[in-house]
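This report concerns only the one structure given below.
The values are calculated or read from the model by the stated rules, or taken from the named source; none is laboratory data. Just so it is clear, the model here is predicted, and its values are computed rather than measured. Don't worry about glycine lacking a Cβ; one is built from the backbone with ideal geometry, like all the others, and counts go over all protein chains shown. When the accessible area is computed, the model is the full protein with side chains, heavy atoms only, and any ligands, DNA or RNA have been set aside. Shrake-Rupley method; radii C 1.70, N 1.55, O 1.52, S 1.80 Å.
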Amino acid sequence: MNNTSERLQHFDRALKTVAAHFSRYGREGRVAPVTRTLECAFETDSQFSDALAASLMLKAEKSPALKAGLNGWKVWESQVWLDGAKVHEGRSLSEIRTSLTPAGESA
């Protein structure tokens, strides 16, 4: 396994875990608390954080529970989240994920 593969696996795990966290609290109508998992996911590096924020916002278009969870954090009013989404504007989830690989390298 190479670094690119490990990075993509980490991204996939983080996206799944963070989306589930926000969805769970969104379904309950509560604001999701900050957890160490969230902190680690968003502290990886700015490219990773931007991709994660953009992916979550994109996934929320099809998931009312996730959207409610993200609304609890007012992500659509947060410049940091909006900047992350803007970096990936017009991209699909797959294209956002691919942006985490060095140019010309496959996972």
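Just one of the numbered conditions (1) in a loop (DSSP other than H, G, I, E, B); (2) small (Gly, Ala, Ser); (3) open to solvent by less than 20 Å² (accessible area, probe 1.4 Å) is not true of residue 90: (3). I need the full set of residues from segment 63-78 which are buried (at least 19 other Cβ atoms within 10 Å of the Cβ) and free of Cβ contacts under 8 Å to residues at least 24 places away in the same chain, in order please. Result: 75, single match. On inspection, residue 43 qualifies as within 20 Å of residue 13 (Cβ to Cβ), out of contact with any Lys or Arg (no Cβ under 7 Å at 6 or more places or on another chain) and open to solvent by 90 Å² or more (accessible area, probe 1.4 Å). Within this structure, residue 81 fails the test of being open to solvent by 40 Å² or more (accessible area, probe 1.4 Å) and either touching a residue at least 24 places away in the same chain (Cβ under 8 Å) or not small (Gly, Ala, Ser) (or both). Condition check for residue 24 on (1) open to solvent by 70 Å² or more (accessible area, probe 1.4 Å); (2) modelled with pLDDT under 95; (3) within 16 Å of residue 73 (Cβ to Cβ): one failure, at (2).
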